[in-house]
1. Are any residues in the range 168-193 over 21 Å from residue 1 (Cβ atoms) and among the β-branched types (Val, Ile, Thr), and if so, which ones?
2. In this structure, is residue 193 in contact (Cβ under 8 Å) with a residue 40 or more places away in the chain, over 28 Å from residue 26 (Cα atoms) and not hydrophobic (A, V, I, L, M, F, W, C)?
3. Please go through the range 97-123 and pick out each residue that is farther than 30 Å from residue 87 by Cβ, out of contact with any helix residue (DSSP H, G or I) (no Cβ under 7 Å at 6 or more places or on another chain) and not aliphatic (A, V, I, L, M).
4. Tell me, which residue of the range 71-126 that is part of a loop (DSSP other than H, G, I, E, B) and of a type in the set (S, T, N, Q) is modelled with the lowest pLDDT?
5. Tell me, which residue of the range 171-210 that is assigned to a strand (DSSP E or B) and under 22 Å from residue 146 (Cβ atoms) is farthest from the chain's Cα centre (by Cα)?
6. Looking at the structure I just gave you, is residue 146 in contact with a Gly (Cβ under 8 Å, 6 or more places away or on another chain) and either assigned to a loop (DSSP other than H, G, I, E, B) or at positive phi (or both)?
7. Give the residues of the range 81-126 that are within 16 Å of the chain's Cα centre (by Cα), of a type in the set (Lys, Arg) and over 30 Å from residue 235 (Cα atoms), sorted by residue number.
Amino acid sequence: MWGIIPAAGAGNRIQPLAFSKELLPVGSRIEEGSERPRAVSEYLVERMIRGGADKLCFIISPGKGDILHYYGSRLWGADIMYAVQPQPGGLCDAVFRARPFVAADESVVVGLPDTVWFPEDALKQLPEDVLSFLLFPVEQPQFFDAVLTDEDDSVREIQVKQKNAGTNWIWGAFKMPGCVFHELYDLWRRPDRGDEYFGTLINAWLADGGRAIAIRAGRGYVDVGTLHGYRSAIRLLEEGSFSNAYSHATVAQEEQQSNAIDTASR
């Protein structure tokens, strides 16, 4: 299974940094008996591998060679490849840069490298044979992509950063068969599309007769792409527990203070 990690964004909301935002130290890990800082993107990498990914593809911009240097070609038993997004073009453009690597009979999981979420093994609950979204409850869904579902958990609509969102459940990762990945790419390449956000592309997919399901397996979700989110993640990891109300309130405060949008990350 492929794990696709869009890491080409400039990280405007948390600049200035002397390195890629995906390498922002958040917490630590014990390695060979020694404690070392842990890059925020390692949390997603770990969760993808625990979820079954044995190949990872980082999407990076031309100036993000530090990510390649940090991760190299293999980590924790998974092979790592890199694709380049030459200029900012949105999340869809970034994710589909991995298309040449993905075969139709392989599975694909996509996540955001500047997030920390729990439980760590939640991706295992996503099925292999259908487009599925891992959902998390938040207090401020208008800053994320809210996922509306029917009673059978079929996805009805994705509301992209919409005021007065119809649910407080947002997607934090999604998984699909490789054949669906290629079908979504073909839809995105239509002259009338070229979506920036995956949410609008999925809405078009659903309107064309496609199917997606939602899995409410997430307990906590922090966007580390803001200063408040960064502080929340540090507290979360230090305390070893999660408070939705605290974490998402602080993320929302930071979002309200910043108009800069990292289009390649979300």
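1. Within the range 168-193, just 170 meets the criteria.
2. Details: in contact (Cβ under 8 Å) with a residue 40 or more places away in the chain: no; over 28 Å from residue 26 (Cα atoms): yes; not hydrophobic (A, V, I, L, M, F, W, C): yes.
No; evaluated as a whole, the condition is false for this residue.
3. Scanning the range 97-123 gives 118, 119.
4. Step one: of the range 71-126, the residues part of a loop (DSSP other than H, G, I, E, B) are 72-73, 76-77, 85-89, 102-106, 112-114, 119-121, 126.
Within this subset, residues satisfying the condition of being of a type in the set (S, T, N, Q) are 73, 85, 87.
Details: 73: 88, 85: 96, 87: 92.
Filtering the range 71-126 for residues that are part of a loop (DSSP other than H, G, I, E, B) and of a type in the set (S, T, N, Q), the one modelled with the lowest pLDDT comes out as 73.
5. 176
6. Answer is no for this residue.
7. Of everything in the range 81-126, just one residue is within 16 Å of the chain's Cα centre (by Cα), of a type in the set (Lys, Arg) and over 30 Å from residue 235 (Cα atoms), namely 97.
Residues checked against (1) without any contact (Cβ under 8 Å) to a residue 60 or more places away in the chain; (2) crowded, with 23+ Cβ neighbours inside 10 Å; (3) touching a Phe, Trp or Tyr at 6+ places or on another chain (Cβ under 8 Å); (4) more than 19 Å from residue 95 (Cβ to Cβ):
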| residue | (1), (2), (3), (4) |
| --- | --- |
| 108 | no, yes, yes, no |
| 115 | no, yes, yes, no |
| 119 | no, no, no, yes |
| 122 | no, no, no, yes |
| 127 | no, no, no, yes |
| 133 | no, yes, yes, no |
| 137 | no, no, yes, yes |
| 140 | no, no, no, yes |
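The values are calculated or read from the model by the stated rules, or taken from the named source; none is laboratory data. Not measured: the values here are computed from a predicted model. Glycine also receives a Cβ, built like all others from the backbone with ideal geometry; neighbour counts cover every protein chain displayed.
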